[in-house]
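Trainee: Structure incoming, see below.
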Amino acid sequence: MEIKTVGVIGAGQMGNGIAHVFALNGFDVTLNDVNKEQIDKALGTITRNMERQVRRGVVAEDAMDAAMKRIQTTMSVDDLKDCDIVIEAATENEEVKRDILKKLSEVLKDEAIIATNTSSISITRLAAATDRPSRFIGMHFMNPVPVMKLVELIRGLATDDPTFQLVKTMAQTVGKTVATSEDFPAFIVNRILLPMINEAIYTLYEGVGSVEAIDTAMKLGANHPMGPLELADFIGLDTCLSIMHVLYDGLADSKYRPCPLLVKYVEAGWLGRKAGRGFYDYSGDEPVPTR
């Protein structure tokens, strides 16, 4: 089987990045979302990001024009029926994902592959919501997708070898480096990264340091390009909390207990950059620490 057409479900920051990368590498892309406003926003983001690549000399202008023409949009899952692979990139909520995957299975051609961009949820459980567990795989891109080189590939219990090899080759074709993970909660990157972020939030919660002090300490003391609280805002505090819940529930270890301050921020709707406020306030020209 050769993959030529790619469907992407979810036009948020991950979905638009995935569509961007595949279109730029010659694949025909259908971007799906239930919200027309979100689709329009995604197309604007893709355009701006490609224009930035053109200005930097990374992408030729004619390549950008061709890529944008390869992207179709739809609000109906039915329009994904002819795709060779569909990558689900909806919100990090298992119930929502299972509902989408069940509906998707009903319209896809038999030989099509389904991938999920989940950052933490069991691939085996999600595969069980489809009619094709052997052709289901985890394909976890890093954010921002056009910039970050890594893709985690995660096989569910039933994922067959042809599916794994085909998706691995496809990821490499679009310039990604593959790291293979077993199907454990949060896989590799988030199994290591999110407890660090959670610990940084505990450090703030317990008054050990301010937002600015914690981020400065990790940037200059550990040579991290972004402080953990700034990174949490970038990821989205709701996503961080969801992943910590998956780790805590899945591994039953108290070291994965989400910090109460993280819970409080999410309850307040202070979700980070996308909400305009998290550990930093983004309403001005420069982010300002909120604590």
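Trainee: Provide a single number: the residues in the stretch 161-188 that are of a type in the set (D, E, K, R) and either within 13 Å of Glu2 (Cα to Cα) or in contact with a Pro (Cβ under 7 Å, 6 or more places away or on another chain) (or both).
Mentor: Within the stretch 161-188, residues that are of a type in the set (D, E, K, R) and either within 13 Å of Glu2 (Cα to Cα) or in contact with a Pro (Cβ under 7 Å, 6 or more places away or on another chain) (or both) number 1.
Trainee: Can you work out which of the residues in the stretch 189-201 that are more than 14 Å from the chain's Cα centre (by Cα) and among the β-branched types (Val, Ile, Thr) is farthest from Val151 (Cα to Cα)?
Mentor: In this case the residue turns out to be Ile201.
Trainee: Just wondering, is there one or more residues in the stretch 186-208 that are in a loop (DSSP other than H, G, I, E, B), surrounded by 23 or more Cβ atoms within 10 Å (Cβ to Cβ) and not small (Gly, Ala, Ser)?
Mentor: yes
Trainee: Here are some conditions: (1) under 26 Å from Arg56 (Cα atoms); (2) at pLDDT 95 or above; (3) outside any helix (DSSP H, G or I); (4) not hydroxyl-bearing (Ser, Thr, Tyr). Leu157 meets all but one. Which one does it not meet?
Mentor: (1)
Trainee: Is it the case that Asp40 is touching a residue at least 24 places away in the same chain (Cβ under 8 Å) and either more than 16 Å from Gly175 (Cβ to Cβ) or in the same structural domain as Ala115 (by TED's automatic domain parsing) (or both)?
Mentor: Answer is no for this residue.
Trainee: Kindly indicate the residue of the stretch 17-30 that is over 12 Å from Ile85 (Cα atoms) and over 15 Å from the mean Cα position of the chain (by Cα) and also surrounded by the fewest Cβ atoms within 10 Å (Cβ to Cβ) among those meeting that condition.
Mentor: Gly26
Trainee: More than 30 Å from Met226 (Cα to Cα), in contact with a Leu (Cβ under 7 Å, 6 or more places away or on another chain), surrounded by fewer than 20 Cβ atoms within 10 Å (Cβ to Cβ) and polar (S, T, N, Q), is that true of Thr124?
Mentor: Criteria met by Thr124.
Trainee: Name the residue, out of Met14, Met1, Met75, Met68, that is touching a residue at least 60 places away in the same chain (Cβ under 8 Å) and surrounded by fewer than 19 Cβ atoms within 10 Å (Cβ to Cβ).
Mentor: Met1
Trainee: Could you say which residue among Leu220, Leu204 is assigned by TED's automatic domain parsing to the domain that holds Leu261, modelled with pLDDT of 95 or more and under 19 Å from Asp281 (Cα atoms)?
Mentor: Leu204
Trainee: Any residue that is touching a residue at least 24 places away in the same chain (Cβ under 8 Å), part of a helix (DSSP H, G or I), more than 22 Å from His140 (Cβ to Cβ) and not basic (Lys, Arg) - is there at least one of those in the stretch 249-259?
Mentor: No; the residues of the stretch 249-259 include none that is touching a residue at least 24 places away in the same chain (Cβ under 8 Å), part of a helix (DSSP H, G or I), more than 22 Å from His140 (Cβ to Cβ) and not basic (Lys, Arg).
Trainee: What's the total number of residues in the stretch 239-274 that are buried (at least 17 other Cβ atoms within 10 Å of the Cβ), among the small types (Gly, Ala, Ser) and modelled with pLDDT of 95 or more?
Mentor: Residues meeting the conditions: 1.
Trainee: Among the residues of the stretch 141-160, what is the count of those that are closer than 22 Å to Met1 by Cβ and buried (at least 19 other Cβ atoms within 10 Å of the Cβ)?
Mentor: Residues meeting the conditions: 7.
Trainee: Moving to a separate point now. Filter the stretch 126-154 down to the residues that are touching a residue at least 40 places away in the same chain (Cβ under 8 Å), among the aliphatic types (A, V, I, L, M) and not in a loop (DSSP other than H, G, I, E, B) and list them by number.
Mentor: Selection gives Met139 alone.
Trainee: Related question: Taking Met50 as the residue in question, decide whether it is hydrophobic (A, V, I, L, M, F, W, C), crowded, with 17+ Cβ neighbours inside 10 Å, farther than 24 Å from Leu247 by Cβ and at pLDDT 95 or above.
Mentor: For Met50, the condition - hydrophobic (A, V, I, L, M, F, W, C), crowded, with 17+ Cβ neighbours inside 10 Å, farther than 24 Å from Leu247 by Cβ and at pLDDT 95 or above - is met.
Trainee: What number of residues within the stretch 163-172 satisfy the criterion of being more than 14 Å from Phe141 (Cβ to Cβ) and in contact (Cβ under 8 Å) with a residue 40 or more places away in the chain?
Mentor: 2
The values are calculated or read from the model by the stated rules, or taken from the named source; none is laboratory data. Model, not experiment: these values are computed from the prediction. Cβ: placed from backbone, ideal geometry, glycine included. Neighbour counts: every protein chain shown.
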